1. How many of the residues in segment 299-322 are in a loop (DSSP other than H, G, I, E, B) and in contact with a Phe, Trp or Tyr (Cβ under 7 Å, 6 or more places away or on another chain)?
2. For segment 153-168, give me each residue that is part of a strand (DSSP E or B) and crowded, with 20+ Cβ neighbours inside 10 Å.
3. Using beta carbons and a limit of 6 Å, which pairs, at least six apart or on different chains, have the first residue in segment 150-171 and of a type in the set (Asp, Glu) and the second one buried (at least 22 other Cβ atoms within 10 Å of the Cβ) and assigned to a helix (DSSP H, G or I)?
4. Give me the pairs, please: first residue somewhere in segment 404-420 and basic (Lys, Arg), second residue anywhere and surrounded by 14 or more Cβ atoms within 10 Å (Cβ to Cβ) and not in a loop (DSSP other than H, G, I, E, B), beta-carbon distance under 9 Å, and either six or more positions apart or on two chains.
5. Looking at segment 173-218, what helices (runs of 4 or more DSSP H) fall wholly within it and have at least 3 residues that are surrounded by fewer than 22 Cβ atoms within 10 Å (Cβ to Cβ) and in contact (Cβ under 8 Å) with a residue 40 or more places away in the chain?
6. Among the residues of segment 412-431, is there at least one that is farther than 24 Å from Pro284 by Cβ and of a type outside the set (D, E, K, R)?
7. Can you give me the number of residues within segment 410-422 that are surrounded by 20 or more Cβ atoms within 10 Å (Cβ to Cβ) and over 16 Å from Tyr132 (Cβ atoms)?
Amino acid sequence: MMSARMVSPAAPPSVMSRRGSLGRVVGRLECLVVLAGWMMAAAAWGDGDQPTSAAPAANNHSDRPAEADAEQGRSKAKVGRRIFSDLRLSRPVGIGCISCHDPRTAFADPRVVSPGAVPGRVGTRNAPTLMYAALIPSFAYEDLLTEEGEEIYVWEGGLFHDGRAQDQFEQVQQPFFHADEMNLPNPAALADRLRKANYADEFRKSVGAAAWADDEQLNYHAYRALVEFLKEPLFRPFDARIDDYLKGKKEALNESEKRGLEVFKNAGKCADCHLLAARSWSQPLLSDFGYDNLGAPSRGKKDPGLGGHTENAEELGQFRAPTLRNIELTAPYLHNGSIASLREVVEFYNKRDLEPKRWGATDYPATVNHDDLGDLGLSDQQVDDLVALMSAFTDRSLLSEKVKAGRVFPEAPPGVPSTLEMQLHFPDWTHRLHPAFPRSSEPPSEGGAFGKKESGVGEMATSLGKGRPTFSIPWK
């Protein structure tokens, strides 16, 4: 799989700027050399501060036993949970990750847009769910083969609605410094707040004295801790009724939901993009994480979406397809929160082109997908059944009374694999390009769980990052 930021600036021979014919795609031409090289490197590297003892015992590093690795991961995730819940890391204080990603709504925001730390400032997009976000593939060009034998290229994966973050390590950094979010002026301000946090002693012991005294290293470990927390089993329980049904328990869905599933797979064309088959993970994520312009109703200033950072006019107004897992809990909908209910979303897909006045103008009409939605011809009964099906996508762990009553984190059901067991499956590598990434040439840290050095990585990670442009955030 080729990293989008490693792609040659020259245009591919045929670029699919919209996903209108993705349903006809019957094969996949991955960039196997790059993917194989990445996987081999991942297996050899370990993960710096997330080792590879999930591999068979013969491949384990003798000096990093599995239990020590597991404890290291738990330590980081524990600190990450504290950072996620900390409302004192913003300027002014009062906003944290949990402010816009509420456990009661599947770690999404029920408001159209989220208010920032500075009174009067708000975001421009609806905060998406963090459930299963750690499993979203890295932002990349995908080579696809159509039934006609044509090779086409599409963007897939990445974090944020527009995919501007390659993976979750890049994603978790940006809200700290965005003026409409946590509004910190620079990385030094974040490091200063972390040193004053009520979990500072725990964090300092984890990273060691040297990293604790260095702003860049301390922030690196804070970002890594957040990523490790978001990989925790509670964010990927796969305990919805649809999971039971797909495993053969036909009684898991009622008759209306079963009819809705048929609509989902056929007349509604939903499964063309919200895949019911496992792909990058061992269970289906209910999205291909591709990009499309759905013609969302305009709300405020024009939002260029994918085209805003690829600088391709044909991709203006395109946004990444979300997972439909827990979709019932994550209203309002679309990237800008412009549609309030699930039924309205289905009606929008069904009759957008037949009732344009109902939905109003859209930001970039020239790139809207008219092939796969807008005039589906669904009956009222089919719409009802399709909406009913959405409740089967809700994880039971999010429906506990404790979670619904307040900001209590859900608990994963028994049997969900640990982060360590699944670590090579996570699309998580850009931290190796960070200047504070632990290098084998450096002396060992002072016993910190976060500061274990990784052998044989520095040069390979540096070479991977050469020539790779990044999307920077201005500090002021």
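The values are calculated or read from the model by the stated rules, or taken from the named source; none is laboratory data. Remember, it's a predicted structure, so these values are computed and weren't measured experimentally. Counting neighbours? That spans all protein chains shown, and the Cβs are built from the backbone with ideal geometry, glycine included.
1. Looking only at segment 299-322, we keep the residues that are in a loop (DSSP other than H, G, I, E, B), and these are 299-304, 311-312, 316-317, 321-322.
Those still in the list that are in contact with a Phe, Trp or Tyr (Cβ under 7 Å, 6 or more places away or on another chain) too: 316-317, 321.
Count: 3.
2. Within segment 153-168, the first condition is being part of a strand (DSSP E or B), and the residues that meet it are 153-156, 159, 165.
Answer for segment 153-168, where residues must be part of a strand (DSSP E or B) and crowded, with 20+ Cβ neighbours inside 10 Å: Val154, Trp155, Glu156, Leu159, Ala165.
3. Asp162/Leu306; Asp167/Thr430; Glu170/Thr430
4. Every condition considered, the pairs that remain are Lys404/Arg104; Lys404/Leu398; Arg407/Ser85; Arg407/Ile98; Arg407/Asp102; Arg407/Pro103; Arg407/Arg104.
5. On the way: elements: 187-195, 200-207, 209-213.
In segment 173-218, the matching helices (runs of 4 or more DSSP H) lie at 187-195.
6. Within segment 412-431, the first condition is being farther than 24 Å from Pro284 by Cβ, and the residues that meet it are 430-431.
Those still in the list that are of a type outside the set (D, E, K, R) too: 430-431.
Yes, that holds for at least one residue.
7. Going through segment 410-422, the residues surrounded by 20 or more Cβ atoms within 10 Å (Cβ to Cβ) turn out to be 410, 419-420.
After this cut, where a residue has to be over 16 Å from Tyr132 (Cβ atoms) as well, the list is 420.
Residues in segment 410-422 being surrounded by 20 or more Cβ atoms within 10 Å (Cβ to Cβ) and over 16 Å from Tyr132 (Cβ atoms): 1 in total.
Yes or no, residue by residue, for (1) modelled with pLDDT of 95 or more; (2) buried (at least 22 other Cβ atoms within 10 Å of the Cβ):
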| residue | (1), (2) |
| --- | --- |
| Gly96 | yes, no |
| Ala106 | yes, yes |
| Pro115 | yes, no |
| Arg121 | yes, no |
| Met131 | yes, yes |
| Ala134 | yes, yes |
| Glu142 | no, yes |
| Thr146 | no, no |
| Gly149 | no, no |
